[in-house]
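Worksheet for the structure shown next.
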Protein chains: 4
Amino acid sequence: MSETFWKTSLSSVEENKILIRGYRVQDLMDRCSFGDVVYLTFKGELPRGREGRILEMIFVSSTDHSLLAPSIDATRFAASGGTPLQAAVAAGVIALGEHHGGAIEQCSKLLQESIAASRGVSEIVRSFKERRQRIPGMGHPIHTRDPRTLELVAKAHEWSLAGPHLALAEGIAAELKLPLNIDGAISGIISDMGIPWQYGKAFFIIPRVVGLSAHAVEEVTRERPFRAVDMKDVTYDGPAERDVQ
Amino acid sequence: MSETFWKTSLSSVEENKILIRGYRVQDLMDRCSFGDVVYLTFKGELPRGREGRILEMIFVSSTDHSLLAPSIDATRFAASGGTPLQAAVAAGVIALGEHHGGAIEQCSKLLQESIAASRGVSEIVRSFKERRQRIPGMGHPIHTRDPRTLELVAKAHEWSLAGPHLALAEGIAAELKLPLNIDGAISGIISDMGIPWQYGKAFFIIPRVVGLSAHAVEEVTRERPFRAVDMKDVTYDGPAERDVQ
Amino acid sequence: MSETFWKTSLSSVEENKILIRGYRVQDLMDRCSFGDVVYLTFKGELPRGREGRILEMIFVSSTDHSLLAPSIDATRFAASGGTPLQAAVAAGVIALGEHHGGAIEQCSKLLQESIAASRGVSEIVRSFKERRQRIPGMGHPIHTRDPRTLELVAKAHEWSLAGPHLALAEGIAAELKLPLNIDGAISGIISDMGIPWQYGKAFFIIPRVVGLSAHAVEEVTRERPFRAVDMKDVTYDGPAERDVQ
Amino acid sequence: MSETFWKTSLSSVEENKILIRGYRVQDLMDRCSFGDVVYLTFKGELPRGREGRILEMIFVSSTDHSLLAPSIDATRFAASGGTPLQAAVAAGVIALGEHHGGAIEQCSKLLQESIAASRGVSEIVRSFKERRQRIPGMGHPIHTRDPRTLELVAKAHEWSLAGPHLALAEGIAAELKLPLNIDGAISGIISDMGIPWQYGKAFFIIPRVVGLSAHAVEEVTRERPFRAVDMKDVTYDGPAERDVQ
């Protein structure tokens, strides 16, 4: 028997019928929040508690971080080159790599694998110290008491959404005497929801495209095309002028 | 007086304080939905009615459309090449061009410029016919009665969010004897909210990154790397084998 | 009779045989320059004169332009976020839009359509003036006598590769009393080769990925991750801090 | 003393003067091939032997591989969405990940680190077997005697460009009784040139943008917009239609 080229469990489409994980899209529009539907898409089932609400909080926490985020700068330079909105946004999405939101994937993986293997705080901290690596999700270059993290962790506890993964993340932070950062808090919460770590970066991509879109429009509508760095902000440390022999 | 290289009205960041359009991010997390904050980001003010709720409906309507959407296929091919999640998602975002969600930008522009210039249905239809162009936002290749559009337009009327732009879009569709499509419905609604057309594609990008993320993870976790087209699905119609002279 | 999903005239692949426009790839490797093969790919036939050589000159002219190019900045920010080389390069490629290399497409289109319609310098200049638009390919913000343009135009004449399209471009520049810029020179030359304007941007993309790759590697190997703009280089002109009501 | 935000050793730009690694761009245009200038950009010096020529061969070998390459498919889907050429090309570039050209980076790293540490064939093969990993650069799903590899390796030997890295790659292939693939051959050759492995993927990105550009133009000029997969080519294996409770 031959197989089709494509296979998916996520959605199906026929004339006048779109099903997301089996649910009619119009029913979801009528009854669910965006957060609920993200949960459904990634987990396969609708939430039973306030999971959708805390996902909305996660998304609200991460829409923008001004020009301090390399993703925003990448999008603004791309927009200034004269590219359509979606392409300028994509340039910023690309920048959401290992050092920029990527910690959600890394930290979720660490938490999920550690809980699965019954590894605790001290074992984890020791193993990273031996490898001289930083533990993802801990500490922030600017925010010593990140208001996003505090709000998120408080609500996770209040709404009974905090479980062993968030506890482990908080334990590691306490051991390191570093604040849990926004990536670490998100990692603990989505891991306690049972969302596989492979989805980790999505929780940053989804909200950040809001800020990227707004910055791209602001660049195009308020600034001149072709944003040019001033040469006095560039140090050239290559060879002096020379002749081709 | 010298100007700074960057300027933004969208957000500000200092130690332990992130403001989005002036609001502390933790207050927004506590009090607002994701839809509210998208409205705030693009408009500059928080909504006074159910605008945030209808934006959530718009986002729920457009997270996924199975493999029928070129964006999803682009992301799955990119993911199969072995690229991180955010880069695979970006490949799909790029595909959201003039023919794929782009109608929201085009149709919003048409509606906003037409209302501003007091141009009505018959003038618009005549002008597109003369130029032999299709009017954006009208008709769909698969859905004759798109459940997403019906739900969205119904709620816009019920919640008093339907104004002259949506009426104009509905009028054009009626004149053409075509269904208003999902792009056209979104265009009418966001235009009645006063959101500039330049943001149009964002209303498709924001939800679609959910589906793109899920398809990328599904590709990587369920399929073998390097998705290869079967050569029997390719017709080659170039020159036959030949020698370099 | 059913059609296959894919169709191409560009290349064919079977076991141990790769044909580019009918030529065995190993023969092309043995006998042709990269410039020759770009010409072959876009035109369908190998060059008969020095077209491949002047394409190599075009490529050499446009590999890099330091941090002055938004594409380079976009790639460096993306690389600093911790994304693999190809994704960082892609962020820069995206930036090669209407205002950044895009003039090759626009100017080639103008030259090809004008020659086809027998429109001359004065008619073209008048029509752009009436629409208050800038003619693509003319003038440069930094280079009043761009050494790249001078070299390229000189060789096109010397090698009998200059025809009516380049003459038209030079005529427009003379009429405007502006230097022909590098985009305009490339446009004239590729148009005289009979390369359709739709390929225009490719002549900038191909060489620029060299510079983008080198800047991405330099960023990753010489700089700390997460390139952060200093907040003193950002002016915030949005609302002051306020409470959610 | 304050540092500038940007620093580069690659190029410098001032009015009417562009230097690439110190050389005036017009001199490079006049005297060097594209392959020479890629070598210069990545290594910092112009080649002394036939390095530039073999780089041109590498580039000619890898411009296109028909629809069999996920990068090409990603670009064609993106182009069909109605996005400009550079953005469609970028979607394909993104796909050049770990499983699609990425072996050049991996294999170059392996060869360079092994030579530096005096590790030989048997030690390398044993270590990969123990970790149950495939050695990058070995074997090909279609080509048992890849004409590109044969041509490239032959010329490297003929032109005295083959050194210990290529020998190591050939030794590993012989030990595994697998053909050295095109990625492995390129890795050996660029490593023997002293090009750091971090540049590895660039040797695939640079030529592949030629094929990506041509496929994007072919898609846009020969096909209808919005390339739609036929639903009969999609298997849906998610939940059956159900009600939101």
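Report, in listed order, any pair from C:Lys232/D:Lys7; A:Lys201/C:Lys232; A:Lys43/B:Lys7; C:Lys43/D:Lys177 with a Cα-Cα distance greater than 31 Å. Beyond 31 Å: A:Lys43/B:Lys7; C:Lys43/D:Lys177.
If you run the Gaussian network model on chain A, springs between alpha carbon atoms under 10 Å, then out of A:Gly35, A:Gly200, A:Gly184 the most flexible one is A:Gly35.
Using a Gaussian network model of chain D in which every pair of alpha carbons under 10 angstrom is joined by a spring, one finds that among D:Pro147, D:Pro136, D:Pro47 the greatest mean-square fluctuation is at D:Pro147.
Based on Cα contacts under 8 Å between residues 6+ apart, segment A:1-68 shows a relative contact order of 20 percent. Once both labels are modelled 7 Å past Cα along the beta-carbon direction, what's the B:Gln245-C:Glu158 spacing in nm? For B:Gln245 paired with C:Glu158, the spin-label model returns 2.8 nm. The Cα atoms of segment D:131-245 give a gyration tensor whose axes a ≥ b ≥ c have a/c of 1.5 or more with a/b greater than b/c, which makes the shape prolate. Would you mind counting up the charge near A:Val234? Only other residues with Cβ under 12 Å from its Cβ, with Lys and Arg at +1 and Asp and Glu at -1. In short, -3.
Largest GNM mean-square fluctuation across B:Ala69, B:Ala162, B:Ala216, computed for chain B with C-alpha springs under 10 Å, falls on B:Ala69. Overall, segment B:21-161 carries a charge dipole of about 360 debye about its Cα centre when +1 sits on the Cβ of Lys and Arg and -1 on the Cβ of Asp and Glu, all other atoms neutral. Going by a ≥ b ≥ c, the root eigenvalues of the Cα gyration tensor, does chain D fall in the rounded group (a/c under 1.5), the prolate group (a/b larger than b/c) or the oblate group? The shape class here is oblate. Screening chain C for whole DSSP H helices with an alpha carbon extent of at least 20 angstrom along the helix axis and a mean Kyte-Doolittle hydropathy of at least -0.5 yields C:202-222. Per residue, the convex hull spanned by the Cα atoms of the protein assembly as shown measures out at 182 cubic angstrom. Between B:Arg119 and A:Asn16, take the C-beta separation as r, use R0 = 35 Å, and let me know the FRET efficiency to the nearest 0.05. Calculated transfer efficiency: 0.65. Per residue of D:142-151, other chain Cβ atoms within 10 Å of the residue Cβ number 5 on average. In loop segments of segment D:156-228 as defined by DSSP, the GluC sites (Glu not before Pro) with at most 15 further C-beta atoms inside 10 Å of their C-beta are D:Glu223. Where a ≥ b ≥ c are the square roots of the eigenvalues of the C-alpha gyration tensor, would you call segment B:66-204 rounded, which needs a/c under 1.5, or, failing that, prolate if a/b is larger than b/c, or oblate? Because a/c hits 1.5 or more and a/b exceeds b/c, segment B:66-204 counts as prolate.
Eigenvalues of the alpha-carbon gyration tensor of segment B:65-107, scaled by 5 and square-rooted, set the equivalent ellipsoid semi-axes at 22, 11, 6 angstrom, largest first. The dipole here belongs to segment B:86-245: it is taken about the Cα centre, uses +1 on the Cβ of Lys and Arg and -1 on the Cβ of Asp and Glu, and is about 240 debye. Here segment C:1-73 and segment C:130-193 have alpha carbon centers that stand 24 Å from each other. The H on the amide N of C:Lys201, modeled in the peptide plane, is under 5 Å from the matching H of C:Glu105, each at least 5 residues off or on a different chain. Once the Cβ-Cβ distance of D:Lys232 and B:Asp230 is raised to the sixth power relative to R0 = 22 Å, the FRET efficiency obtained is 0.90.
Among residues other than C:Gln245 with Cβ under 15 Å from its Cβ, the summed charge is -1 (Lys and Arg +1, Asp and Glu -1).
By the scheme Lys and Arg +1, Asp and Glu -1, what is the net charge of all other residues having a beta-carbon under 10 Å from that of B:Leu180? Neighbourhood net charge equals -3.
Towards the positive end of the charge dipole of chain C, with charges on Cβ (+1 Lys, Arg; -1 Asp, Glu), say which of C:Ile18, C:Gln112, C:Ile142 has the farthest Cα. Checked the options; the winner is C:Gln112. Neighbouring Cβ atoms from other chains, within 10 Å of the Cβ of residues in C:198-211, number 6 on average. Residues whose amide H comes within less than 5 Å of that of B:Lys7, counting only those at least five positions distant or on another chain, are C:Thr235 (H built at 1.01 Å from N in the peptide plane). Charges on Cβ only, +1 for Lys and Arg, -1 for Asp and Glu, centred on the Cα centroid of segment A:73-186; of A:Leu85, A:Ala156, A:Ile172, which one is farthest towards the dipole's positive end? Of the listed residues, the answer is A:Ile172.
Shielding value for C:107-120 is 0, the average number of Cβ atoms from other chains within 10 Å of each residue's Cβ. Each residue, C:Lys129 and C:Ala167, gets one label point 7 Å from its Cα in the Cβ direction; the gap between the two is 2.3 nm.
No value in this document is a laboratory result; all are computed from the given coordinates. What you are looking at is a predicted structure, and each value in this text was computed from that prediction instead of being measured. Cβ: placed from backbone, ideal geometry, glycine included. Neighbour counts: every protein chain shown.
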